Amino acid sequence: MEITITEEAYQSLLAQARNDAPIESCGYLLGPDNKTATVSYPMRNIDQSEEHFSFDPKEQFAAVKYARQNGLVIVGNWHSHPASPSRPSAEDIRLAFDPNILYFILSLADERPVFNAFSIVGGEVKEKIQLR
């Protein structure tokens, strides 16, 4: 499987993650189909933690409403790892409840950001998704 993310969507989430660091940043990636992300929908990490994140349920509802109103689908959720690699932590895997979306992780641990996507189903990382 391969996912395309527009430069605009990527730059938007990268700016948000850099601005929020050292707190983990988060949001949804939306697009016209489940293989193309064109919009980064920012959300606030209500935990304000450097090691995990939680969405505000009201913001999640607003994101779903925005997607529907604009003919978009939720491609996946994304969050940053300000000081760790771009791979799912044990907590990320444990909290990956929706097998129908992808889980994107942006690492800011190195000089050059690393952005990966994963399919997580039933408590297992099934696939690292190729990004274009």
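What are the residues in region 31-53 that are assigned to a loop (DSSP other than H, G, I, E, B) and of a type in the set (Ser, Thr, Tyr), if any? Let's see the steps before the verdict.
Going through region 31-53, the residues assigned to a loop (DSSP other than H, G, I, E, B) turn out to be 32, 34-35, 38, 44-53.
Matches in region 31-53: Thr38, Ser49.
On inspection, Ala109 passes the criterion of being touching a Ser or Thr at 6+ places or on another chain (Cβ under 9 Å) and of a type outside the set (D, E, K, R). Applying the condition of being in a helix (DSSP H, G or I), touching a strand residue (DSSP E or B) at 6+ places or on another chain (Cβ under 7 Å) and of a type in the set (Gly, Ala, Ser) to region 1-30 and asking which residue is nearest to Asp92 (Cα to Cα) yields Ala17. Would you point out the residue of region 54-101, among those that are small (Gly, Ala, Ser) and in a loop (DSSP other than H, G, I, E, B), that is surrounded by the fewest Cβ atoms within 10 Å (Cβ to Cβ)? Checked region 54-101; the qualifying residue surrounded by the fewest Cβ atoms within 10 Å (Cβ to Cβ) is Gly71.
Restricting the first member to region 10-32 and to residues that are over 16 Å from Asp56 (Cα atoms) and touching a residue at least 40 places away in the same chain (Cβ under 8 Å), and the second to residues that are part of a helix (DSSP H, G or I) and not hydroxyl-bearing (Ser, Thr, Tyr), the beta-carbon pairs closer than 6 Å and six or more apart or on different chains are Leu30/Ala67.
Laboratory data are not the source of any read-out in this text; all were calculated from the coordinates shown. Predicted, not measured: the structure shown is a model, and the values here were computed from it. Don't worry about glycine lacking a Cβ; one is built from the backbone with ideal geometry, like all the others, and counts go over all protein chains shown.
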